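Report on one structure; see the data block that follows.
Rule-based calculations on the coordinates, nothing more; no lab input. All values derive from a computational prediction rather than experimental measurement. We place every Cβ from the backbone using ideal geometry, glycine too, and count neighbours over all the protein chains shown.
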Amino acid sequence: MADKTPEGFDIANCRSCSAPIVWATSSGGRSMPVDAEPVEDGNVELAERPGLFIGPVATVLTGPSLFGGPLRKPHFATCPQAEMWRQR
């Protein structure tokens, strides 16, 4: 059985640094790796949106949390090897 966050999202591991991540869908419809652990200075909120997407939807916040849940960071901001995965 796969590890899960307290909210029930599946936890995977980054293929570069092995950190625990959650694969989410951005509001723009693209896959987005998000750190599995919430942090005080996070700006990404994960929420289940039944019927719209499979798995969690990641919303990058510019203000207060929409649902009051824990906030995380996009893994591209914390992965030491993020540059090799960026699409140009």
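Counting charges near PRO38 (Lys, Arg +1; Asp, Glu -1) among other residues having Cβ under 11 Å from its Cβ returns a value of -4.
The smallest convex shape that holds all Cα atoms of the chain, its convex hull, gives 110 Å³ per residue.
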